[in-house]
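Read through the structure below, which is laid out as structure tokens, and then see the notes.
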Amino acid sequence: MPDMVASVVVLLLAGGPARLDADGVEMLLPSAPGVDFHLGARDPNATGGFEIEQHTRATPVREGPLAFWSVAAHPLDYASGGSGVTVRLHIHPGKDPQRFTWRTQRGYLSAPGDLRNQEFTAYVRVHGVSDPSRAAISLKVRGGAHTARDPDLASCVMMTFQAATMGATTRFGKELAHPLYDYVRLTPKLPAALVENRWFGLKVVSTARPQQPSPVVNRLYVDDEPWDAAGRPRNHWRLLSEYVDVEGASTGRYTKLVDWGAWQTTLRTDGIRTLDFAILSAREVIPPP
């Protein structure tokens, strides 16, 4: 009996048993009405609201009990100079076009139902580091299209998970006008870094309390041993880094607080040749009190 009581107390202190989504992934925050995108077992080449940039085909793969998709990077030229390769996976919360930018936003970029307070999850593995100075995965939130035609459409922030060869394993980034980035190097809370041929679960949780003006807390979580023996999520999520975005605080060229809803949510790789992905989801959440 004492052991049972102790277990109940531990659960209560920890917030109770883990809440699992349709993919068996722990939800760090409860869902709110609004966007709830899960790729699930659907074909990423033909799923509404999901896009692989340049329409590069993803190939289904199975390793033992684990089923996933693999996609090759495509070439690009960097505005800052040089060339490289990238994969970009986009989630769109609705069918409305992007109507606003960071300068004109109304709390959203396309429609009131855009993804705002959110939990964005991806299970990923990279192969073939082609550029150690750029090897990274970026999870971009609250943003829009990236085009030279109208640079202000970008309107996004991001949390990055990087190879140790980049000198910083995690950063906060802000790209309001494409392709002008500000990066803030963050102090990692864990000794985790992006490496080849190893699976990682990644989550960005970006929330603001409903008050004006309110800072936005952007957190990056990692699970560096994400699968159990049956190929199911282990849910050993740990906080890797955090950045609190505040109106008027400079990240370099920008001082604008990014707190609006996204027309587009993106997972991007740089400096790697192939990306494996198994679970992708993005949903509206209830901010913590």
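Derivation of every value follows stated rules applied to the coordinates shown; laboratory data play no part. It should be emphasised that the depicted structure is a prediction, and the values quoted were computed from it without experimental measurement. Cβ placement follows ideal geometry from the backbone for every residue including glycine, while neighbour counts extend to all protein chains displayed.
Name the single residue that is nearest to residue 234 (Cα to Cα) among those in region 23-45 being among the charged types (D, E, K, R) and assigned to a strand (DSSP E or B).
Here the answer is 26.
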Next item on the list: Give the residue that is nearest to residue 136 (Cα to Cα), with candidates limited to residues of region 148-175 that are among the hydroxyl-bearing types (Ser, Thr, Tyr) and touching a Leu at 6+ places or on another chain (Cβ under 6 Å).
Entry: 170
Checklist line | Selected residue (criterion: farthest from residue 123 (Cα to Cα)) from residues of region 47-67 that are surrounded by 14 or more Cβ atoms within 10 Å (Cβ to Cβ) and in contact with a Pro (Cβ under 8 Å, 6 or more places away or on another chain) | finding: 49
Checklist line | Residue selected from region 167-185 under the condition under 23 Å from residue 125 (Cβ atoms) and surrounded by fewer than 21 Cβ atoms within 10 Å (Cβ to Cβ), by the criterion farthest from the chain's Cα centre (by Cα) | finding: 167
Check: Between residues in region 46-68 that are farther than 25 Å from residue 227 by Cα and residues that are charged (D, E, K, R) and assigned to a strand (DSSP E or B), which pairs lie under 9 Å by C-beta distance while being six or more apart or on different chains?
Finding: 51/88; 53/88; 53/268; 54/88
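For residue 96, state whether it is under 30 Å from residue 21 (Cβ atoms), assigned to a loop (DSSP other than H, G, I, E, B) and of a type in the set (Asp, Glu).
Working: under 30 Å from residue 21 (Cβ atoms): yes; assigned to a loop (DSSP other than H, G, I, E, B): yes; of a type in the set (Asp, Glu): yes.
Taking the combined requirement at face value, the residue satisfies it.
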Next item on the list: For region 230-269, name all the residues that are on the phi < 0 side of the Ramachandran plot, in a loop (DSSP other than H, G, I, E, B) and without any contact (Cβ under 8 Å) to a residue 40 or more places away in the chain.
Entry: 234, 236, 246, 247, 249, 250, 255
Checklist line | Number of positions in region 246-261 that are crowded, with 23+ Cβ neighbours inside 10 Å and within 18 Å of residue 220 (Cα to Cα) | finding: 1
